[in-house]
Amino acid sequence: MTRLGYCFTGSFCTFERSFEALRGLVNAGYDVQPIMSENAYYTDTRFAVAEEFSHRVEELTGRKIIHTVKDAEPLGPKNPLDLLVIAPCTGNTLAKLARGITDTSATMAAKAHLRRDRPLLIALSSNDAMSQNLSGISMLLTRKSVYFLPMSQDDPTGKPYSLVADFTLMREGVLAALSGEQLRPLFI
């Protein structure tokens with residue numbers, strides 16, 4: 001059975017879309033280890049109450065959420081995954097990944113996972129993707145074992161620099177990344 005890590009970071013407005021994508025992966029038979037950044041795990045927002053959302057994720061996956069740097073570190077060397085998904089991946093997390101900064105459970109999970117050259121699938125959700133985060137996207141696009149879920153502008157007029165992954169393509173993105181391929185077109 002294919003073992004996935006599925007990590008939520010703090011783009012709270014896309015949590016429900018990401019949760020539905022996670023449900024699709026679980027229903028397809030993937031063994032999923034949930035991971036949440038500290039902000040995603042502890043922060044209540046107008047989109048979700050943190051404790052309730054975490055409970056839903058744990059109930060769906062049948063596993064406890066990894067939400068600390070210490071607990072995320074063994075995912076590479078001691079407890080390997082076949083694929084790590086970060087969905088949603090904030091611009092902040094993207095920038096840290098691009099520059100090798102490891103100070104959250106999400107970035108530690110990615111660092112530990114990439115140590116073994118295993119695929120990482122990023123489902124970006126950032127209001128600054130085509131401005132402050134553009135360099136991070138370009139850096140990660142050329143990195144071995146890093147793939148992106150196709151994305152588009154969610155509000156070109158109101159948020160002209162924003163990009164959001166198409167979470168409905170998660171299963172296809174997972175299969176492509178597991179095969180070492182970038183799902184295309186990348187920008188839809």
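The table below gives the values:
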{"quantity": "Rounded to 5, the percent of DSSP beta bridges in the range 3-178 classed as antiparallel", "calculated": "20 percent"}
{"quantity": "Neighbour-count order for 38, 20, fewest beta carbons within 10 angstrom listed first", "calculated": "20, 38"}
{"quantity": "Relative compactness, the range 1-100, computed as alpha-carbon Rg over 2.2 N^0.38 Å", "calculated": "1.02"}
{"quantity": "Residue of 94, 22, 140 that the Gaussian network model of the chain assigns the largest fluctuation, springs spanning Cα pairs under 10 Å", "calculated": "140"}
{"quantity": "Within the range 47-150: Cβ-based charge dipole about Cα centre, in debye rounded to nearest 20 (Lys, Arg +1; Asp, Glu -1)", "calculated": "500 debye"}
{"quantity": "Relative contact order for the chain, counting Cα pairs under 8 Å that sit 6 or more residues apart, in percent", "calculated": "21 percent"}
{"quantity": "Positive minus negative residues near residue 37 (Lys, Arg vs Asp, Glu; Cβ under 13 Å)", "calculated": "-2"}
{"quantity": "Dipole-positive endmost among 79, 173, 67 within the chain (Cβ charges, Cα centre)", "calculated": "79"}
{"quantity": "Amide H partners (placed H, <5 Å) of residue 85, local residues excluded", "calculated": "5, 6, 7, 121"}
{"quantity": "Built amide H within the under 5 Å cut-off of residue 48, gap 5+", "calculated": "none"}
{"quantity": "Added length on full extension, which subtracts the Cα-Cα distance from 0.36 nm per residue, residue 152 to residue 168", "calculated": "4.5 nm"}
{"quantity": "Kirkwood-based Rg to Rh ratio, the range 63-160, C-alpha trace", "calculated": "0.99"}
{"quantity": "Most mobile listed residue (104, 142, 168) in the chain, GNM with C-alpha springs under 10 Å", "calculated": "142"}
{"quantity": "MRE, 222 nm, helices only [DSSP H, n ≥ 4, -39500 (n - 2.57), over the chain, to nearest 500]", "calculated": "-10500 deg cm²/dmol"}
{"quantity": "Cα gyration tensor, the chain - rounded (a/c under 1.5), prolate or oblate", "calculated": "rounded"}
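Just so you know, all these numbers are worked out from the coordinates, no wet-lab data involved. Predicted model only: the values in this text are computed from it and were never measured. Using ideal geometry, Cβ is built from the backbone for each residue, glycine included, and neighbour counts are taken over all protein chains shown.
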